[in-house]
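**Student:** One structure, as structure tokens, below. Some questions next.
The values are calculated or read from the model by the stated rules, or taken from the named source; none is laboratory data. On a predicted model such as this, the values are computed, not experimentally measured, just so you know. Positions of Cβ are backbone-derived with ideal geometry, glycine not excepted, and every protein chain shown enters the neighbour counts.
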Amino acid sequence: MLLIRILALPILPIFALIVLIRNWSYDRGYLASNKFDIPIICIGNLSVGGTGKTPHTEYVVNLIKDEVVPCVISRGYKRKTKGYLEVLPDMTASQTGDEPLQIKRKFPNAYVAVAEERLNGITNVLIDHEEIDVIILDDAFQHRAVRAGLNVLLTTYDEPFFDDKLMPFGNLREFKKGAKRADILVITKCPDHLKTEEMNKFKEQASNYGIKSIYFSKISYGHFIDLMSHETLDLSSEKVVLVTGIAEPKPMTEFLDSKGVIYEHLAFRDHHAFSSEDITKIKELFDTFEAKRVLCTEKDAVRLKAFSEKLKELNMPVCFLNITISFIDEGSQKFNDEIVTYVRDNKDNHRTP
């Protein structure tokens with residue numbers, strides 16, 4: 001990885017100039033940033049890699065779904081389709097991307113759509129569904145062609161944006177000062193026990209960018225759930241093959257260790273598109289290890305479900321570990337209030353005669 005960064009250093013000035021000119025053009029109005037009457041919440045980050053955008057998006061959907069009609073719009077990373085597409089529960093991850101399909105199946109009454117250009121996605125979904133009350137943009141902090149009413153910026157506890165550098169030398173998609181566009185900052189993937197002194201240091205750094213609302217969240221692992229029956233399982237002392245296609249599987253393996261799950265780990269790259277050859281590879285390890293199940297992440301389960309028949313034929317039951325996010329230091333109520341207040345205050349704007 002270090003070698004790749006070193007080799008890519010000559011393009012740093014070019015990338016920096018492109019980012020600078022683009023943001024300057026939006027700031028000065030030379031590039032249009034379109035505003036909609038409907039409330040729009042953008043959940044994104046400044047860096048590449050996983051900061052927990054999808055779990056936080058699901059948190060917001062779950063928070064407001066009983067009061068309003070939400071719609072999530074995502075790029076649909078690694079999907080094989082192009083342009084605007086409304087996501088339906090019986091679609092496949094190759095059509096929609098794994099995360100949008102996961103959200104749709106988890107919240108069937110919410111609308112979900114994918115579109116590389118979020119402006120196109122919003123325009124089309126509102127034509128198709130006038131009943132939508134709020135738009136949630138998943139991973140769209142850099143999509144400035146749409147002006148969100150509420151920008152939620154995520155950054156991880158281990159690699160906060162203010163300690164990072166612009167790509168390719170670091171992981172930032174744009175300069176740190178882009179954080180000034182955020183209304184809310186969430187420090188994600190925090191340890192269970194976060195000291196007040198540490199939180200104050202983060203808040204001090206965030207204040208340099210004019211961000212007043214700062215929260216701290218952590219990953220909370222839920223239950224082991226059978227892929228087909230959706231039954232809750234107990235895997236303690238049970239031998240499983242752990243299959244992951246996520247950016248950082250370490251927190252999950254640490255959780256499994258704490259629960260006494262006995263596993264062999266087969267790791268793939270983030271958003272890996274599973275193939276029949278991969279299923280055969282998993283089966284070989286499954287038999288060698290004398291495992292009882294295949295265990296995967298919730299996101300991987302969306303992609304593996306396309307091989308349900310083959311998995312059944314090979315007698316490889318699959319289960320997944322679901323996750324949620326929770327807030328630290330009583331931040332949950334305050335965060336919830338900010339989101340709900342924004343939605344309530346703006347949800348009827350687009351219906352005003």
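**Student:** For the stretch 319-332, state whether one or more residues are farther than 22 Å from GLU254 by Cα, crowded, with 17+ Cβ neighbours inside 10 Å and over 21 Å from the mean Cα position of the chain (by Cα).
**Tutor:** Of all residues in the stretch 319-332, those farther than 22 Å from GLU254 by Cα come to 329-332.
Right, trim to crowded, with 17+ Cβ neighbours inside 10 Å and you get 331.
Right, trim to over 21 Å from the mean Cα position of the chain (by Cα) and you get none.
Within the stretch 319-332, none of the residues are farther than 22 Å from GLU254 by Cα, crowded, with 17+ Cβ neighbours inside 10 Å and over 21 Å from the mean Cα position of the chain (by Cα).
**Student:** Further question on the same structure: Search the stretch 94-119 for residues being basic (Lys, Arg) and within 18 Å of ILE43 (Cβ to Cβ), and hand back the single one that is surrounded by the most Cβ atoms within 10 Å (Cβ to Cβ).
**Tutor:** Taking the stretch 94-119 first, the residues basic (Lys, Arg) are 104-106, 118.
So of that shortlist, the ones also within 18 Å of ILE43 (Cβ to Cβ) come out as 104, 106, 118.
On the way: LYS104: 23, LYS106: 16, ARG118: 25.
Filtering first and then ranking leaves ARG118.
**Student:** While we're here: Could you list, in sequence order, the residues of the stretch 84-111 that are among the aromatic types (Phe, Trp, Tyr) and either touching a His at 6+ places or on another chain (Cβ under 6 Å) or farther than 19 Å from HIS230 by Cβ (or both)?
**Tutor:** To start, the set of residues in the stretch 84-111 that are among the aromatic types (Phe, Trp, Tyr) comprises 84, 107, 111.
Answer for the stretch 84-111, where residues must be among the aromatic types (Phe, Trp, Tyr) and either touching a His at 6+ places or on another chain (Cβ under 6 Å) or farther than 19 Å from HIS230 by Cβ (or both): TYR84, TYR111.
**Student:** Pairs, please: C-beta under 8 Å, at least 6 apart or cross-chain, first residue on the phi > 0 side of the Ramachandran plot and of a type in the set (D, E, K, R) and in the stretch 322-338, second surrounded by 17 or more Cβ atoms within 10 Å (Cβ to Cβ) and part of a strand (DSSP E or B)?
**Tutor:** ASP329/PHE216
**Student:** Among residues belonging to the stretch 253-281 that are assigned to a loop (DSSP other than H, G, I, E, B) and among the aliphatic types (A, V, I, L, M), point out the one that is farthest from ASP300 (Cα to Cα).
**Tutor:** Filtering the stretch 253-281 down to residues assigned to a loop (DSSP other than H, G, I, E, B) leaves 259-261, 268-275.
When the remaining residues are screened for being among the aliphatic types (A, V, I, L, M), the result is 261, 273.
Numbers: VAL261: 19, ALA273: 9 Å.
For the stretch 253-281, the residue satisfying everything is VAL261.
**Student:** Limited to the stretch 138-162, what total is found for residues that are within 19 Å of TYR215 (Cβ to Cβ) and not hydroxyl-bearing (Ser, Thr, Tyr)? Let's see the steps before the verdict.
**Tutor:** Within the stretch 138-162, the first condition is being within 19 Å of TYR215 (Cβ to Cβ), and the residues that meet it are 138-139, 141, 148-162.
Then drop every residue that is not not hydroxyl-bearing (Ser, Thr, Tyr), which leaves 138-139, 141, 148-154, 158-162.
Within the stretch 138-162, residues that are within 19 Å of TYR215 (Cβ to Cβ) and not hydroxyl-bearing (Ser, Thr, Tyr) number 15.
**Student:** Residues that are touching a helix residue (DSSP H, G or I) at 6+ places or on another chain (Cβ under 7 Å), at pLDDT 95 or above and in the same structural domain as GLY97 (by TED's automatic domain parsing): list the strands (runs of 3 or more DSSP E) wholly contained in the stretch 174-249 that include at least 3 such residues. Before the answer, list the steps.
**Tutor:** Details: elements: 184-188, 213-226, 239-244.
Passing ranges, in order: 184-188, 213-226.
**Student:** Could you run through the stretch 17-58 and say how many residues are surrounded by 13 or more Cβ atoms within 10 Å (Cβ to Cβ) and on the phi > 0 side of the Ramachandran plot?
**Tutor:** Of the residues in the stretch 17-58, 1 are surrounded by 13 or more Cβ atoms within 10 Å (Cβ to Cβ) and on the phi > 0 side of the Ramachandran plot.
**Student:** Please go through the stretch 67-85 and pick out each residue that is surrounded by fewer than 20 Cβ atoms within 10 Å (Cβ to Cβ) and either over 16 Å from ARG118 (Cα atoms) or of a type in the set (D, E, K, R) (or both).
**Tutor:** Residues satisfying the conditions are GLU67, VAL68, VAL69, LYS78, LYS80, LYS82.
**Student:** Only one residue in GLY149, GLY178, GLY170 is farther than 19 Å from GLU338 by Cα and under 20 Å from the mean Cα position of the chain (by Cα), so which one is that? First the steps, then the outcome.
**Tutor:** Working: GLY149 fails: farther than 19 Å from GLU338 by Cα; GLY170 fails: under 20 Å from the mean Cα position of the chain (by Cα).
That would be GLY178, the only listed residue that is farther than 19 Å from GLU338 by Cα and under 20 Å from the mean Cα position of the chain (by Cα).
**Student:** Given the criteria surrounded by fewer than 19 Cβ atoms within 10 Å (Cβ to Cβ) and assigned to a helix (DSSP H, G or I), does LYS299 qualify? If you could, list the steps in order and put the result at the bottom.
**Tutor:** Values: surrounded by fewer than 19 Cβ atoms within 10 Å (Cβ to Cβ): no; assigned to a helix (DSSP H, G or I): yes.
So LYS299 fails the test.
**Student:** From the residues in the stretch 120-139 that are surrounded by fewer than 19 Cβ atoms within 10 Å (Cβ to Cβ) and in a helix (DSSP H, G or I), which one is nearest to the chain's Cα centre (by Cα)?
**Tutor:** The selected residue is ASN120.
**Student:** If you don't mind, there's one more thing I want to ask. Looking at LYS281, LYS218, LYS310, LYS250, which is the one that is basic (Lys, Arg) and within 30 Å of ILE339 (Cα to Cα)?
**Tutor:** None of the other options fit; the residue is LYS218.
**Student:** A further question follows. GLY76: closer than 29 Å to SER220 by Cβ, small (Gly, Ala, Ser), modelled with pLDDT of 90 or more and not assigned by TED's automatic domain parsing to the domain that holds HIS271, yes or no? If you could, list the steps in order and put the result at the bottom.
**Tutor:** Working: closer than 29 Å to SER220 by Cβ: yes; small (Gly, Ala, Ser): yes; modelled with pLDDT of 90 or more: yes; not assigned by TED's automatic domain parsing to the domain that holds HIS271: yes.
For GLY76, the condition - closer than 29 Å to SER220 by Cβ, small (Gly, Ala, Ser), modelled with pLDDT of 90 or more and not assigned by TED's automatic domain parsing to the domain that holds HIS271 - is met.
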